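S.K.: Handing you a structure now.
Please treat every number below as a calculation from the coordinates, not as lab data. All of these numbers come straight from a predicted model, not from anything done at the bench. Virtual Cβ from ideal backbone geometry, glycine too; neighbours counted across all protein chains shown.
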Amino acid sequence: MKITLTVNGAAYPLDVEPRRILADVLREDCGLTGTHLGCEHGICGACTVLVDGEAVRACLMFAVQCDGSSVRTVEGLAAPDGEPHPLQRAFSAEHALQCGFCTPGFLMVAAGALEADPNIGDDPERVDGLVGSNICRCTGYEPIRRAILRAAREQQGDRDGVNR
Amino acid sequence: MEQWTRREDRRLLTGRGRFVADIAVPGCLDAVFVRSRVGHGTLREVDCAAARAVPGVVGAWSAADLAELPAVPYTLLARLSTEEAVAGREWPALVKDRVRYAGEALAVVLGEDRYRAEDGAAEVSCQVDPLPAMVKPSAAVDDSVRLFDGLSNIAFQGEAGKPVEESVWREAAAVVEGRYRQQLLMPTPMECRTILAVPEGDRLTVWSGHQMPHRLRRELAALLGWSEDRVRVVVPDTGGAFGSKSAAFPEFVVVAFLAVKLGRPVRWIEDRLESMLVATRGRGQDQRVRLAADAEGRLLGYELKIDADVGAYPHLGAGLPMQTAWLATGPYTTPQVHATVRSVLTNTMMTYPYRGAGRPEATIALERAMDVMARQLRLDPAELRRRNFIPPESFPYRTPTGRCYDSGNYVAALDLALETLGYDKWRAEQARRRTDPAALPLGIGLSCYVERSGGEAGGLHEFGSVEVGEDGTITARCGAAPSGQGHETVFAALVARTLGVAEERVRLVEGDTDEQPEGLGSFASRSAQVVGALLQHVARRLVDEARERAARLWELPVDEVAWSNGLVHAAESGSAAIEVAELVKVTGPLRVADRFESGMAFPFGSHAVVAEVDPELGTVRLLRVVTVDDCGVVLNPVLVRGQAFGSAVQGIGQALYEGMTYDEDGVPMLASGLLDYLLPTFTEVPPIEVKDTCTPSPSTPLGAKGAGESGCIGTPAAIVNAVADALRIADPDLLQMPLTPDVVWRAARAPKLQEVR
Ligand code: FES
Ligand code: FES
């Protein structure tokens, strides 16, 4: 089936079998291997990407469902000039990753939420909910929570013109 | 680099990490295995014909089609298995005539991609006639059904220490007993197992998320009948391992064999449901303990009897329970300790190291018994421990179970844990709640542990080198292979510090057997302790070599030539000086390679937990968790803290959530995957306070002991003890992990302890 995915701003005209899941198409057809598969049954969240701004499990969605949609993956998180996203910096600063396998999923969950609601830093419980939606076996999560809060507050600070 | 705390972070945070599944090799085939749906049975037939007709399927084979397929290797490393245990017990990579665990591979299908290979696998038909499946040692130990005809199901027996004298039990003021089940756990790194085998000319390059690339090279070369130099093993980014990624598994044997046979690249990327069925397990022991003390609470004797379920084949872990036996003494001066092991074959996937690997089992048994003893003697559990700790001045300390502890200050760790927790305050709160019928019961649990790091005799060394290039870059190489521990950052910093040069100049290369000819790997919490010491040693030798060369150049005695910060100079006049890169240009390549051996080290610590139990719901809420760990001198406090925290959460997983269950056919009851096997999520993470004390190890030059397994070892017993303390039941054995609401609810209804007479 012929579809077009817009991934991180670039158009990918593809011919894919309807049964192929989005994660496989991103990884194999588009060559974007930053999206990882940790369970392939919708629990771990390692495969999370943004489809039209919404965080989705890319292992539970067929690529053909995203025809014409805009998909954002971890490769598209940094600014075009390569400047890292505040979440990327915060994850590193808070040591929110060890093996890094779950990391793209947590980054995309957080990125989606942060874009939808820039004030999420004022709502620690929502941040807890975001962290609770994915699985990490290495870090024990607490550093991930701190990283998301840090990035959120930093963005808020920037917006409010506060020097942190 | 200043944007990133670790060197690894840049690529891992931007989607540019490179895991095995990310490596695109043109023409690569995907392997999918057809697996047994029963845990025990006789294989009657496998028919792959229909699979071969599926479009995109390149081939499908059962064992009958591949007469030359080698068997799965066994390991003698760290005495994980023995020649006697495996004698007469072959582990075929594809089942030949007898299925011995659920999910054992019956056939393999190669397809142009995984979809096609799975299409093919669905067409393979198999017939297995079921036999009684035995999933617990108690079911298999009497040999009424044998896994291997003519051979006992007991594949290994061992002991540590001498039997406790009968008089000890007779004359002791108090003797307590307990039975503890160490349930089977799934290590569950977020990346499952991976292998990609690429034949090139007369060589095979194998990419695998693996902890021991040189062992994998050796084992694969041996089963192909090749010399080792024809196999190259490369470990790219690896998504966690926790001890479980260090063997040559049946699937690896099949993939390497078929890649060579077909002359085509083949990969196997295990998926989660498959991993839950057939990846190695951790723990798996049925324990019986007896502990004796005098009236003052001085321990007199301790006996630990282990029936371990080691899985269907003894190849990977029949000897692993000896790790528990050797550490049975724990941190106490108990004069007589005896531990016995029977490793029983069962119809389950193999038991193999999982973070802690034998030491959690030792700690949990002893520390639970300690709490029972404290109750019996009406002593505060902290006080009972204090009275029995091996005192700091007694090291090195030889235990009755054959270990020689290097150093320790156990009481300091306990004191810090109690102080951090606010022990007295919580005891007061507990007393208050006991008088308040509306309050939920609250318990405080302690667990003091000693563990072993670095490896076993014969495996305490590592290989590596340091090299200076003409452009001034410094390359360190070693045989380790990381899976999230930040080696590139820590070891580069260590080498830079030893040489006095900027960190940016140093690059670490590891996990590639072509780059580093010999190596052991990353296991047993050994990397900081053993590899760190090696790299420091090699870097120092490099300094000496540079000084010698400069001395020759300048015709000076060596001791008049000094090294500082990458500059070699004459110590006296100060006139002669040469940057090491210049020295390389003048005198040729400068590279020092060596092997370095460390001693075993014994990290220790005390963990303390406050738990609140809801007897109506059976739920356990952890109000506070305090971990105090001592792993000697710490190379990078931030990374060690991260390891301590992450492992504490895994320890919570064992205590409260995780565990394998099987149906009557011996099939794991995990139909809904990770909805059936509960890994802790953030919602389950309580407030955890991570602290440390520092008692340097005399057995390694850096003074570092292993870090990273502490939480799995120390935390579970503290949690169970806290729940037992909250419920005050007469028979704490009712509390067997995981403490699910069902277990706790039932225990809450059991008879209570007799109150103070
Ligand atoms: S891989 Fe999609 S949720 Fe786990
Ligand atoms: S960092 Fe390894 S799973 Fe999260």
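S.K.: Please give the average number of partner chain Cβ atoms lying within 10 Å of the Cβ of each residue in B:183-196, rounded to a whole number.
M.R.: Per residue, the number of nearby Cβ atoms from other chains is 3 on average.
S.K.: Amide H neighbours of B:ARG98 under 5 Å, counting only residues 5+ apart in sequence or on other chains, H built in-plane at 1.01 Å?
M.R.: B:LEU43
S.K.: Looking at the protein assembly as shown, how many pairs of lysines come closer than 20 Å at the Cα, when each pair is eight or more places apart or spans two chains?
M.R.: Close lysine pairs found across the protein assembly as shown: 5.
S.K.: A further question follows. Go through the stretch B:694-707 residue by residue and turn each phi into a ³J(HN,Hα) via Karplus (6.51, -1.76, 1.60, θ = phi - 60°); whole Hz please, and just put x for glycine and proline.
M.R.: With coefficients 6.51, -1.76 and 1.60, one gets 10, 10, x, 8, x, 8, 9, x, 7, x, 7, 10, x, 10 Hz.
S.K.: Given H placed on each backbone N at 1.01 Å, which residues far from A:VAL49 in sequence or on other chains put an amide H within less than 5 Å of it?
M.R.: Under 5 Å from the amide H of A:VAL49 lie the amide H atoms of A:VAL56, A:ALA58, each far enough along the sequence or on another chain.
S.K.: Place a +1 charge on the Cβ of each Lys and Arg in the protein assembly as shown and a -1 charge on the Cβ of each Asp and Glu, then give the dipole magnitude about the Cα centre in debye, rounded to the nearest 20.
M.R.: With Lys and Arg at +1 and Asp and Glu at -1, about 1500 debye.
S.K.: With r as the distance between the Cβ atoms of B:ARG540 and B:CYS694 and R0 = 25 Å, compute the FRET efficiency 1/(1 + (r/R0)^6) and round to 0.05.
M.R.: 0.60
S.K.: Treating only the Cβ of Lys, Arg, Asp and Glu as charged (+1, +1, -1, -1), what charge dipole size does chain A show about its Cα centre? Round to the nearest 20 debye.
M.R.: Once rounded to the nearest 20, the dipole reads 320 debye.
S.K.: Under a crude label model (7 Å from the Cα following the beta-carbon direction), how far is A:ALA79 from B:GLU165 in nanometres?
M.R.: 7.8 nm
S.K.: Using the Karplus equation 6.51 cos²θ - 1.76 cosθ + 1.60 (θ = phi - 60°), what ³J(HN,Hα) coupling, rounded to whole Hz, does each residue of the stretch A:38-49 give in order, writing x for Gly and Pro?
M.R.: x, 8, 6, 9, x, 9, 7, x, 4, 8, 4, 9
S.K.: Could you tell me the calculated FRET efficiency between A:ASP52 and A:GLU17, based on Cβ-Cβ distance and R0 = 22 angstrom, to the nearest 0.05?
M.R.: 0.45
S.K.: Of B:LEU623, A:ALA116, B:VAL633, which is farthest on the positive side of the dipole of the protein assembly as shown, counting Cα position, with +1 on Lys and Arg Cβ, -1 on Asp and Glu Cβ, and the Cα centre as origin?
M.R.: Of the options given, the answer is B:LEU623.
S.K.: Which helices, counted as full DSSP H runs in chain B, have an axial Cα extent of no less than 20 Å and a Kyte-Doolittle average of 0.5 or above?
M.R.: Going by DSSP H runs, the hits are B:637-652, B:710-727.
S.K.: Could you give the length gained on full extension between B:GLU504 and B:ARG432, defined as 0.36 nm per residue of separation minus the Cα-Cα distance, in nm?
M.R.: Difference between extended and current length: 20.1 nm.
S.K.: Mind checking the full-extension length gain between B:LEU440 and B:ARG398? Use 0.36 nm per residue of separation minus the Cα-Cα distance, one decimal, nm.
M.R.: 10.7 nm
S.K.: In nanometres, what is the gap between the two model label sites at B:ARG52 and A:ASP67, each 7 Å from Cα along Cα-to-Cβ?
M.R.: A separation of 3.8 nm, rounded to one decimal place.
S.K.: OK, next. Work out how much length B:ASP65 to B:ASP97 would gain on full extension: take 0.36 nm times their residue separation and subtract the Cα-Cα distance, in nm to one decimal.
M.R.: Length gained, B:ASP65 through B:ASP97: 10.2 nm.
S.K.: Right, another one. Does chain A come out rounded, prolate or oblate, given a ≥ b ≥ c as the square roots of the eigenvalues of its C-alpha gyration tensor, rounded meaning a/c under 1.5 and, failing that, prolate meaning a/b above b/c?
M.R.: prolate
S.K.: Identify which of A:ALA78, A:ALA152, A:ALA113 has the largest mean-square fluctuation in a Gaussian network model of chain A, with springs joining Cα atoms closer than 10 Å.
M.R.: It is A:ALA78.
S.K.: Moving on to the next point. Given the DSSP H assignment, sum -39500 (n - 2.57) over each helix run of at least 4 residues in chain B and divide by its residue total; what's the result at 222 nm in deg cm²/dmol, nearest 500?
M.R.: -8500 deg cm²/dmol
S.K.: Moving to a separate point now. Spelling out what I want: for every residue of the stretch A:96-107, take phi, set θ = phi - 60°, compute 6.51 cos²θ - 1.76 cosθ + 1.60 (Karplus), and round to whole Hz; glycine and proline get x.
M.R.: 8, 9, 10, 6, x, 6, 7, 4, x, x, 5, 4
S.K.: Give, as a single signed number, the net charge of other residues whose beta carbon lies under 10 Å from the beta carbon of B:ALA133, with Lys and Arg counted +1 and Asp and Glu -1.
M.R.: -2
S.K.: Please list, ordered by chain and number, the residues whose modelled amide H lies under 5 Å from the amide H of B:PHE156; skip anything fewer than 5 residues away on the same chain.
M.R.: B:SER343
S.K.: Here's another thing I want to ask about it. Ignoring GluC sites (Glu not before Pro) that are buried or in helix or strand per DSSP, and keeping those with at most 10 other beta carbon atoms within 10 Å, what is the longest stretch of chain B between them?
M.R.: Here the longest run is B:297-554.
S.K.: Determine the shape class of chain B: with a ≥ b ≥ c the square roots of the Cα gyration tensor eigenvalues, call it rounded for a/c under 1.5, and otherwise prolate if a/b is greater than b/c, oblate otherwise.
M.R.: Since a/c reaches 1.5 but b/c is at least a/b, the shape of chain B is classed as oblate.
S.K.: Kindly provide the helix-only [θ] at 222 nm of chain A, computed as the sum of -39,500 (n - 2.57) over DSSP H runs of four or more divided by all residues, to the nearest 500 deg cm²/dmol?
M.R.: Result for chain A, helices only: -9000 deg cm²/dmol.
S.K.: Quick one: if you stick a label point 7 Å off each Cα along the C-beta vector at A:ARG126 and B:ASP731, how many nm between them?
M.R.: Here the answer is 5.2 nm between the modelled labels.
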